[in-house]
Amino acid sequence: MISLNDVEKAHKKIQDRIHMTPILTSSQLNKHCVREVFLKAEHLQKTGSFKIRGATNAVMQAVETGASFVTAASSGNHGQAVAYTASKLGVSAVIIVPEDASRAKIAAIKDYGAEIEYCGKTSAERIPRAKQLAKERNGVYIPPYDDAAVIAGQGTIALEILEQLPNLDVIVAPVGGGGLMSGVLCAVKNSKPGIRVVGVEPESANDTYLSLQAGKITAISGTSTIADGLRTTQPGDLTFRILQEHLDELVLVTEEEIKEAFQFLLERTKQLVEPSGATALAAVMAGKVGEPNERVAVVLSGGNVDLYQIATLVKKRNV
């Protein structure tokens with residue numbers, strides 16, 4: 001397990017390169033949930049998601065070992081984070097993206113200074129190519145989640161939450177590949193083990209849930225969940241071991257529950273949060289996490305929404 005010291009070292013290393021994101025509150029949300037809910041606003045982070053934390057720690061580590069070139073396999077938040085960080089550190093980057101990647105995401109990665117290479121439509125095709133390219137050009141491949149430096153970087157979220165909210169009962173975060181949740185667990189369970197940590201997955205992207213139930217890594221076929229940042233087919237080797245040992249609970253949410261949280265955030269708090277980023281809140285709003293009057297911190301993990309997608313995410317209401 002990554003130690004608390006590893007997370008603290010990562011925080012010291014990256015804190016001048018990231019935002020300490022604010023905690024947002026809503027009296028209407030508290031009333032709806034019958035809990036004190038505190039929203040960790042990682043959608044307001046640089047590059048629009050928590051991914052910048054792990055990417056910064058990992059790319060800085062690569063540069064410290066002499067790397068002048070990095071690769072990543074991602075068309076989304078991880079790719080943008082690696083591209084941004086590489087540019088700021090003066091190293092070149094190539095992001096391997098799927099052939100059907102959205103134009104908006106490709107434009108963002110290019111704007112952050114990275115080259116783009118298209119490869120297939122699945123991560124099983126992209127990741128080997130990214131690793132191969134890193135080897136060919138004597139560079140370093142930056143994994144999206146199953147990496148100690150990445151996990152330690154993501155864990156800095158928890159250090160900030162514990163500083164901002166000293167008296168908490170529960171921390172809730174979404175689970176995709178498990179990097180974010182692993183980092184949170186490494187920080188919290190080594191410092192304040194009495195705080196419960198709960199993960200949330202979409203029902204249709206429940207690879208970690210099934211893996212925990214089976215006691216071993218269990219893959220699923222592709223999913224079309226609106227929470228596109230959580231569309232992994234199985235947890236990572238390292239992340240799964242951490243979650244298996246330390247996660248208090250993992251709950252599932254429906255697509256409608258994710259939409260409800262997305263719409264509440266947009267309509268009532270004026271915050272544009274991507275469906276993946278709203279997934280943890282969806283579980284709290286649906287009454288699946290926490291007890292009445294508990295203090296619950298929820299990680300809003302990202303805000304990179306395709307603007308043309310918003311209309312499909314808003315539920316129609318009868319007046």
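Scan the stretch 123-143 for residues that are at pLDDT 95 or above and either under 10 Å from Ile95 (Cβ atoms) or not basic (Lys, Arg) (or both) and jot them down.
Within the stretch 123-143, Ala130, Gln132, Leu133, Ala134, Glu136, Asn138, Gly139, Val140, Tyr141, Ile142, Pro143 meet the criteria.
Matching residues to (1) touching an Asp or Glu at 6+ places or on another chain (Cβ under 6 Å); (2) buried (at least 20 other Cβ atoms within 10 Å of the Cβ); (3) assigned by TED's automatic domain parsing to the domain that holds Val170; (4) at pLDDT below 95:
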| position | (1), (2), (3), (4) |
| --- | --- |
| Lys9 | no, no, yes, no |
| Val59 | no, yes, no, no |
| Lys105 | no, yes, no, yes |
| Lys121 | yes, no, no, yes |
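Name the residue that is surrounded by the most Cβ atoms within 10 Å (Cβ to Cβ), counting only residues in the stretch 11-47 that are farther than 19 Å from Thr85 by Cβ and β-branched (Val, Ile, Thr).
If we filter the stretch 11-47 for residues that are farther than 19 Å from Thr85 by Cβ, which is where we start, we get 22-41.
Keeping just the survivors that are β-branched (Val, Ile, Thr) gives 23, 25, 34, 37.
Numbers: Ile23: 14, Thr25: 12, Val34: 13, Val37: 25.
Among those that are farther than 19 Å from Thr85 by Cβ and β-branched (Val, Ile, Thr), it is Val37.
Name the residues in the stretch 239-273 that are touching a Ser or Thr at 6+ places or on another chain (Cβ under 7 Å) and not charged (D, E, K, R), would you? Explain how you work it out, then say what you get.
To start, the set of residues in the stretch 239-273 that are touching a Ser or Thr at 6+ places or on another chain (Cβ under 7 Å) comprises 239-240, 242-243, 250, 253, 255, 258, 268-269.
Those that are touching a Ser or Thr at 6+ places or on another chain (Cβ under 7 Å) and not charged (D, E, K, R): Thr239, Phe240, Ile242, Leu243, Leu250, Val253, Ile258, Thr269.
Can you tell me how many residues in the stretch 159-209 are of a type in the set (Ser, Thr, Tyr) and surrounded by fewer than 23 Cβ atoms within 10 Å (Cβ to Cβ)?
We begin by selecting, within the stretch 159-209, every residue of a type in the set (Ser, Thr, Tyr); these are 182, 191, 204, 208-209.
This time we only want the ones that are surrounded by fewer than 23 Cβ atoms within 10 Å (Cβ to Cβ), so: 191, 204, 209.
Of the residues in that region, 3 qualify.
Starting from residues that are part of a loop (DSSP other than H, G, I, E, B) and not basic (Lys, Arg), keep the ones in the stretch 123-146 and report whichever is surrounded by the most Cβ atoms within 10 Å (Cβ to Cβ). Before the answer, list the steps.
Taking the stretch 123-146 as the starting set, the residues that turn out to be part of a loop (DSSP other than H, G, I, E, B) are 137-139, 142-146.
Next cut, not basic (Lys, Arg) only: 138-139, 142-146.
Numbers: Asn138: 10, Gly139: 21, Ile142: 31, Pro143: 23, Pro144: 27, Tyr145: 24, Asp146: 17.
Of everything passing the filter in the stretch 123-146, Ile142 is surrounded by the most Cβ atoms within 10 Å (Cβ to Cβ).
Can you name every residue in the stretch 168-184 that is in contact with a strand residue (DSSP E or B) (Cβ under 6 Å, 6 or more places away or on another chain) and either farther than 27 Å from Lys259 by Cβ or not β-branched (Val, Ile, Thr) (or both)?
If we filter the stretch 168-184 for residues that are in contact with a strand residue (DSSP E or B) (Cβ under 6 Å, 6 or more places away or on another chain), which is where we start, we get 168-175, 180-181, 184.
Once the filter is applied, which keeps residues that are in contact with a strand residue (DSSP E or B) (Cβ under 6 Å, 6 or more places away or on another chain) and either farther than 27 Å from Lys259 by Cβ or not β-branched (Val, Ile, Thr) (or both), the stretch 168-184 yields Leu168, Asp169, Ala173, Pro174, Leu180, Met181.
Taking the stretch 206-223 only, how many residues are farther than 15 Å from Ser123 by Cα and among the small types (Gly, Ala, Ser)?
Qualifying residue count, the stretch 206-223: 3.
Restricting to the stretch 272-310, what's the tally of residues that are in a strand (DSSP E or B), under 23 Å from Asn167 (Cα atoms) and of a type outside the set (A, V, I, L, M)?
Matching residues across the stretch 272-310 total 1.
What number of residues within the stretch 48-100 satisfy the criterion of being closer than 28 Å to Leu300 by Cβ, among the polar types (S, T, N, Q) and in contact with a helix residue (DSSP H, G or I) (Cβ under 7 Å, 6 or more places away or on another chain)? Give the derivation first.
Step one: filter the stretch 48-100 for residues closer than 28 Å to Leu300 by Cβ, giving 48-61, 70, 72-89, 93, 95-98, 100.
Narrowing further to those that are among the polar types (S, T, N, Q): 49, 56-57, 61, 74-75, 77, 80, 85, 87.
Within this subset, residues satisfying the condition of being in contact with a helix residue (DSSP H, G or I) (Cβ under 7 Å, 6 or more places away or on another chain) are 49, 56-57, 61, 75, 77, 80, 85.
Matching residues across the stretch 48-100 total 8.
The values are calculated or read from the model by the stated rules, or taken from the named source; none is laboratory data. In this text, all values refer to a predicted model and were calculated from it rather than measured experimentally. Positions of Cβ are generated from backbone atoms using ideal geometry, with glycine treated the same way; all protein chains shown enter the neighbour counts.
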